[in-house]
Structure formats: C-alpha cells, structure tokens
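Shown next, in structure tokens, is the structure this report addresses.
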Amino acid sequence: TARKQTGSFYTPREIVNYMVDESLIAYLKNVIGENKFDEKELDQKLHQVLSYNPENPFAEDPKTTRTLILALGEAKILDPAVGSGAFPMGMLQKMVHLLKKLDPENQIWKEVQLEKAMAETQEAFGIEDKEEREQKLIEINNAFDNRVNDPDFARKLYLIENCIYGVDIQPIATQISKL
C-alpha cells in the first residue's frame, strides 16, 4: 500500500502517552537534578505529577514547582516524523495538564508569561515600522486578555508557538498536523 511504501504508520494512543510521559520525565529530571531528591524518589514524584491523580507531590515545595513551570516554558519538543501530529498533541495536552496541576490558579504561569510579554513589548517598540510594531502589540495584548480569551488559550498558544515543533518528509503530514 501507499502507506507502507512511505513508512506511514499509525502510533497507538497508549504508545504516544508512554512516549510523552517518558520524554517529559527525562527532561524534568535533568532540569531538577538530583540535588533535592534521590533518583528513585524524583522519578516517583514526576510519575505522580504527570498522572491524572489529583494529588500534587510538589504542592509543599514552591521552589521546585516554579522550576518545573519555568522548565515547561523553556522546553523545546521536536517530532522528527510528525505524521498526523499524535505526539505533539499528546505533549500539548500533557503539558497543559501539568501546568494546571502545578499551578491551579495560573498565577506563576501568568507571571512568567507577563514577563515574556513585557520583553516582547520592549522588542516591539524597537521595530521601526509603525504598523508592524502596532500589530505586534495587539497580538500580545489579545493573547493575555482574559476578557477576550480563556486563560488556557494563552497557555496553549505559547506552548504551540514556542515549545512544540514537528517536521516530516511528506509536506501533507505537516499540514495535517497543523490542523
């Protein structure tokens, strides 16, 4: 078949979930390091925070919580064979879940994004073309305006635009993934 000839194969949801969890755990382990926790304890806490169990093992540790949230905002995830986008979508959903669990009131994430927005605003004021500068400022204001958008909108928009990437040898695959 055409799919077999091009190497196009469907990845089952369970496999995608496993890849997402293990990728995030490996990344977050590197970020946190083993300074505060031994490897087994850190692994257990990260598995617990990624689970859909409502309990947050880092609830009593605001410094680690902030570190994890900052790390999510700095993450760069690449799917080198994006196909229909199952891995990037799984990653987006898990990252949003993790942000909600670590920061249910969205205070830290909002603070971090406002700092980045302020930096972008300063950068926008450096743009010579008046129309381009005004357009950039409108985009920033709209993304973070809770009256216009749900708070998850800015969270997801930022993650999609800055953290999650996908490429594929077949151009149609990237189009499907965008959809």
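The values are calculated or read from the model by the stated rules, or taken from the named source; none is laboratory data. Only a predicted model underlies this, so the values are computations on that prediction, with no experimental measurement involved. Reconstructed Cβ throughout: ideal geometry from the backbone, glycine too, with neighbour counts over all protein chains shown. Calculation scope for accessible area: heavy atoms of the full protein, side chains included, ligands and nucleic acids excluded. Shrake-Rupley method; radii C 1.70, N 1.55, O 1.52, S 1.80 Å.
Some notes on this structure:
- Test for A143: is it more than 29 Å from E60 (Cβ to Cβ), open to solvent by 30 Å² or more (accessible area, probe 1.4 Å) and either in a helix (DSSP H, G or I) or at pLDDT 70 or above (or both): no
- Residues of segment 68-110 that turn out to be closer than 26 Å to P54 by Cα and open to solvent by less than 80 Å² (accessible area, probe 1.4 Å), as a count: 26
- Segment 28-47, residues that are open to solvent by less than 70 Å² (accessible area, probe 1.4 Å) and under 18 Å from the mean Cα position of the chain (by Cα): L28, K29, V31, I32, L46
- Pair list, Cβ < 8 Å and 6+ apart or interchain, from segment 103-116 residues that are farther than 17 Å from F153 by Cβ to residues that are open to solvent by 40 Å² or more (accessible area, probe 1.4 Å): I108/R66
- Residue-level check: of (1) outside any helix (DSSP H, G or I); (2) out of contact with any Pro (no Cβ under 8 Å at 6 or more places or on another chain); (3) among the hydrophobic types (A, V, I, L, M, F, W, C), V82 misses just (2).
- If you filter segment 48-57 down to residues that are in a helix (DSSP H, G or I) and either touching a residue at least 12 places away in the same chain (Cβ under 8 Å) or of a type in the set (D, E) (or both), you find that the one that is surrounded by the fewest Cβ atoms within 10 Å (Cβ to Cβ) is L50.
- Checking each residue of segment 66-87 against the condition of being in contact (Cβ under 8 Å) with a residue 24 or more places away in the chain, of a type in the set (F, W, Y) and in contact with a strand residue (DSSP E or B) (Cβ under 6 Å, 6 or more places away or on another chain) gives at least one match.
- Tabulated pairs, segment 154-179, first closer than 14 Å to A75 by Cα and modelled with pLDDT under 85, second buried (at least 18 other Cβ atoms within 10 Å of the Cβ) and not aliphatic (A, V, I, L, M), C-beta under 9 angstrom, 6+ apart or interchain: R155/W109; R155/Q113; Y158/G73; Y158/W109; Y158/Q113
- Flag for K40 being part of a helix (DSSP H, G or I), farther than 25 Å from I160 by Cβ and modelled with pLDDT under 90: yes
- The set of residues from segment 151-179 being assigned to a helix (DSSP H, G or I) and of a type in the set (A, V, I, L, M) comprises A154, L157, L159, I160, I172, A173, I176.
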